[in-house]
Amino acid sequence: MELVFQNFEFLLTGAYYTLLITVVSMFFGLIIGMIVAIARLKGNWLISNLAKVYVSIIRGTPILVQIFIIYFGLPDFGITLGPLTAAFIALSVNIGAYLSETFRGAILSVPKGQTEAAQSLGLTPWQTMRQVVLPQAARVAIPPMGNTFVGILKETSLVSVVTVTELLRSAQLLIAQYYVAMPFYIAIAIMYWVMSTFFTYILGRIEARLSKAY
Amino acid sequence: MIEVNNLGKSFGDLVVFRDIHLHIQSREIVVLVGPSGSGKSTLLRCLNGLEVPDTGSIRIGDASWDASQNAASKKQAIQQIRLLTGMVFQSFNLFPHMTALENVTMAPMIVKKMSQTQAAELGESLLAKVGLSQKKNEYPSRLSGGQQQRVAIARALAMQPELMLFDEPTSALDPELTGEVLAVMKQLAAEGTTMVVVTHEMKFAREAANRVIFMSDGKIQEEGTPEQFFDQTKTERARRFLRQIEGDAATE
């Protein structure tokens, strides 16, 4: 256990990268997810089918394979990315696909009468989306979004395979150095759990806030 | 001020209505009655661009829509028409994430770019008009059906439309709550608001309407003043409809 405390700073750096990757990929994943959801719902035949294919490919292949394609595969086409950049891109693209389904469902859950009321008042389709549909969809989307967020926090451990020194890999490096495994694994397990619980709590607060009208 | 000519609408093979001619004067109150499925709600929704007719033309004020226009002019015409008409729905359709006041002020702020203070002033005066000043900060979920519908009326009035459309505004309400909504509508009628109302409230039609239009099977079967329609009904179809309505009222 002492070894853990001696190297705690190193583990914290790992945790920092785990958080960084989670937050950055979630941020871009949100943007991608929103665009893809609207593309699927409002786009013409071509756009909506492109979005559909994207979602199908990402959801139908393992995230580890997606990470490998971006980090090890793209250099064959002359695109070489740093490990961290590759991690950001792979996870954002992955989250985007899952969130787009969440958003699509949430947008469809807003009754048609809401759109009609907004249009009858003279709002353009975009204003209707922005003022009326999305705020109501957000409330529906928050709980599944929280699951995605916590899920991705844990899945960041996968990018350790492309040498990003996030939490898992920092533990593995320490284990290789000291030849003791258990304390380090237990320590990072606790750190993952603390971070997940913290985010779950924050999302619960946001959900309560958005629900105050109901 | 409103001229509807030769209007027709079908959903696939189902003809909802055809050959509708309707001229409405400014300050006139027209009540549309008829059995369900007669096309009256769809006709009303066409006047607000929520349904797109297949044939014919609609002119409201300076805005004119014609089935033969190209897509871009149609879109523009519908947008213009929506600014000139206010719509009140059977199911209220208030925005649940906004307070009563925000429901009323949103469109003037977003569409007309009115300042927040100005919009709030307008909103408060309209909520006062429908008797709901003290509820301005409540969310719709905390209001009764009748109160929600009155907020919805204030919301439509906030855009200062030239024509108010009511699509069965009291049909979703408990009987004891219809009175407060009808009272607001009568007040609007007395102030000279041009209104087209689809309703099953024959008492309202008799007391407030200038003209009653009876629709059935996708056609205007007869029209006239409330006295003509209720006391000297011309068509057998309308007589049967009125008997049924009276029968329902008697058994209640």
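The values are calculated or read from the model by the stated rules, or taken from the named source; none is laboratory data. As the structure is a prediction and not an experimental result, all values here were calculated from the model. Cβ sites come from the backbone with ideal geometry, for glycine too, and all protein chains shown count toward neighbours. The protein model used for the area step is the full one, side chains on, heavy atoms only, and it has no ligands, DNA or RNA in it. Shrake-Rupley method; radii C 1.70, N 1.55, O 1.52, S 1.80 Å.
Rounded to the nearest Hz, the phi-derived 3J(HN,Hα) couplings of region B:43-57 under the Karplus curve 6.51 cos²θ - 1.76 cosθ + 1.60 (θ = phi - 60°) are 4, 4, 5, 5, 5, 10, x, 7, 10, 9, x, 8, 9, x, 9, where x marks glycine and proline. Using only the alpha-carbon atoms, how far is helix A:45-59 inclined from the longest principal axis of chain A? Give it as 0 to 90 degrees, nearest 10. For helix A:45-59, the angle is close to 30 degrees. By the gyration tensor of its Cα atoms, with a ≥ b ≥ c the square roots of the eigenvalues, what is the shape of region B:1-125: rounded for a/c under 1.5, prolate for a/b over b/c, or oblate? Taking the square roots of the gyration eigenvalues as a ≥ b ≥ c, region B:1-125 is prolate.
Provide the percentage of antiparallel DSSP beta bridges, counting only those with both residues in chain B; round to the nearest 5.
Values: 21 of 38 bridges.
Here the antiparallel bridges make up roughly 55 percent for chain B.
R0 = 30 Å: FRET efficiency of B:Q79 with B:D19, Cβ-based, nearest 0.05? Efficiency, rounded to the nearest 0.05: 0.65. Between A:A90, A:Y54, B:P140, the Cα set farthest toward the positive side of the dipole of the protein assembly as shown (charges on each charged residue's Cβ, about the Cα centre) is that of A:A90. Remark: mean inter-chain Cβ contacts per residue of A:119-130 equal 6, using a 10 Å Cβ-Cβ cutoff to other protein chain atoms.
Please average, across the residues of B:92-101, the number of beta carbons from any other chain that are within 10 Å of each residue's own beta carbon, and give a whole number. Working shown, then result.
Values: counts 2, 10, 3, 9, 9, 12, 4, 1, 0, 0.
Average per residue, whole number: 5.
Rounded to the nearest 0.05, the FRET efficiency derived from the C-beta distance between B:A172 and B:E236 at R0 = 45 Å is 0.90. With runs of 4+ DSSP H residues as the only contributors, calculate the mean residue ellipticity of chain B at 222 nm using -39,500 (n - 2.57) per run, divided by the residue total and rounded to the nearest 500. After summing the helix terms and dividing by the residues of chain B, the value is -12500 deg cm²/dmol. Normalised per residue, the accessible area of the protein assembly as shown is 48 Å², obtained with a 1.4 Å probe and no contribution from ligands, DNA or RNA. Tell me the carbon and sulfur percent of the accessible area for region A:2-213, rounded to whole percent, probe radius 1.4 Å. With neighbouring chains kept in place, the figure for region A:2-213 is 69 percent.
The phi torsions of region A:196-201, fed into the Karplus equation with coefficients 6.51, -1.76 and 1.60 and a -60° offset, translate into couplings of 4, 4, 4, 5, 4, 5 Hz, rounded to whole numbers, with Gly and Pro shown as x. Two numbers describe the Cα atoms of region A:90-214: Rg and Dmax, which are 20.4, 70 Å. I need the chymotrypsin sites (Phe, Trp or Tyr not before Pro) found in region A:131-196, filtered to DSSP loop residues with at most 14 other beta carbons within 10 Å of theirs. In loop regions of region A:131-196 (DSSP not H, G, I, E or B), the sparsely surrounded chymotrypsin sites (Phe, Trp or Tyr not before Pro) are A:Y179. By the compact-protein rule of thumb, 2.2 N^0.38 Å, the alpha-carbon radius of gyration of region A:2-110 corresponds to a ratio of 1.31. Starting from the Cα gyration tensor of region A:60-99, take the square roots of the eigenvalues, sort them a ≥ b ≥ c, and report rounded, prolate or oblate (rounded when a/c is under 1.5, otherwise prolate if a/b is larger than b/c, else oblate). Verdict is prolate for region A:60-99.
Entry note, region A:2-213: relative contact order of 29 percent, from Cα contacts under 8 Å with a spacing of 6+ residues. Using 1/(1 + (r/R0)^6) with R0 = 51 angstrom and r between the beta carbons of A:F72 and B:Q116, what's the FRET efficiency to the nearest 0.05? Approximately 0.40, to the nearest 0.05. Per residue of A:107-117, count partner chain C-beta atoms within 10 Å of its C-beta, then hand back the mean as an integer. Average per residue, whole number: 4. Please work out whether region A:2-213 counts as rounded, prolate or oblate from its C-alpha gyration tensor, where a ≥ b ≥ c are the square roots of the eigenvalues and a/c under 1.5 means rounded, while otherwise a/b larger than b/c means prolate and anything else oblate? The shape class here is oblate. Under 20 Å Cα-Cα from B:K112, which lysines qualify once same-chain neighbours fewer than 8 residues away are excluded? Counting by Cα, and skipping residues close in sequence, B:K112 has these lysines nearby: B:K75.
Which value, in debye to the nearest 20, describes the size of the charge dipole of chain A about its Cα centre when Lys and Arg Cβ atoms bear +1, Asp and Glu Cβ atoms bear -1, and nothing else is charged?
For this selection, approximately 840 debye.
Using only the C-alpha atoms, the convex hull of the protein assembly as shown corresponds to 199 Å³ per residue.
Region B:4-24 and region A:106-165 have Cα centres lying 39 Å from one another.
Could you list the residues of region B:1-16 with an amide nitrogen less than 14 Å from a label point located 7 Å from the Cα of B:Q69 in the Cα-to-C-beta direction? Backbone N within reach: B:3-5.
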